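The values are calculated or read from the model by the stated rules, or taken from the named source; none is laboratory data. What you see is a predicted model; the values in this text were computed from it and never measured. Backbone-built Cβ (ideal geometry, glycine too); neighbour counts: all protein chains shown. Surface areas here come from the heavy atoms of the whole protein model, side chains and all, with no ligands, DNA or RNA. Shrake-Rupley method; radii C 1.70, N 1.55, O 1.52, S 1.80 Å.
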Amino acid sequence: MTYKALIIDDSKPITFFNKIILERSLRFSEILVAVNGQEAIEILETGFNPDIIFLDLNMPIMNGWEFLDKYHQVNSRASQIIMLLGTTLSHEDQDRLNNYDCVKGIRAKMLSNTTLEEIINNTLAVELKP
């Protein structure tokens, strides 16, 4: 099975690296990149339905929190999974995160092959069972 992914991060080196990790896994049929939450919403409004979204919280224009709030208004597809990347959360932010059922975890900002396989096997394969 192959998946569709959306990477939302304003760091060009990070998105370049993470996109290569996803491409080399041969598990993703389509990978799109947005540099902020607003651009990601625009991508979703075109009808692109990723299986997983890799989301940075700290971005200009529309940050990750603002994206999560807007995301629920734009897309009601419950099977989409969001992974936060590179974020250490305060207790207050952790409590806030509990309001978003679609967020399934927090991982290091730079994906590794091992981390990606864990996400695929333990999150994508489990959450998106046919």
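Table: residues versus (1) touching a strand residue (DSSP E or B) at 6+ places or on another chain (Cβ under 9 Å); (2) open to solvent by 70 Å² or more (accessible area, probe 1.4 Å).
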{"position": "A34", "(1), (2)": "yes, no"}
{"position": "N58", "(1), (2)": "no, yes"}
{"position": "N63", "(1), (2)": "no, no"}
{"position": "I82", "(1), (2)": "yes, no"}
{"position": "L85", "(1), (2)": "yes, no"}
{"position": "H91", "(1), (2)": "no, yes"}
{"position": "E117", "(1), (2)": "no, no"}
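Residue check: is F48 hydrophobic (A, V, I, L, M, F, W, C), open to solvent by 10 Å² or more (accessible area, probe 1.4 Å) and either out of contact with any helix residue (DSSP H, G or I) (no Cβ under 7 Å at 6 or more places or on another chain) or under 14 Å from L124 (Cβ atoms) (or both)? Criteria met by F48.
In region 2-31, the residue that is farthest from L55 (Cα to Cα) out of those that are in a loop (DSSP other than H, G, I, E, B) and either of a type in the set (K, R) or in contact (Cβ under 8 Å) with a residue 40 or more places away in the chain (or both) is R27. Could you please give the count of residues in region 32-60 that are among the hydrophobic types (A, V, I, L, M, F, W, C), in a loop (DSSP other than H, G, I, E, B) and farther than 19 Å from T2 by Cβ? Going through region 32-60 one residue at a time, the tally reaches 3. For I21, the criteria (1) of a type outside the set (D, E, K, R); (2) under 13 Å from the mean Cα position of the chain (by Cα); (3) at pLDDT 90 or above; (4) open to solvent by less than 50 Å² (accessible area, probe 1.4 Å) hold in every case but one, which is (2).
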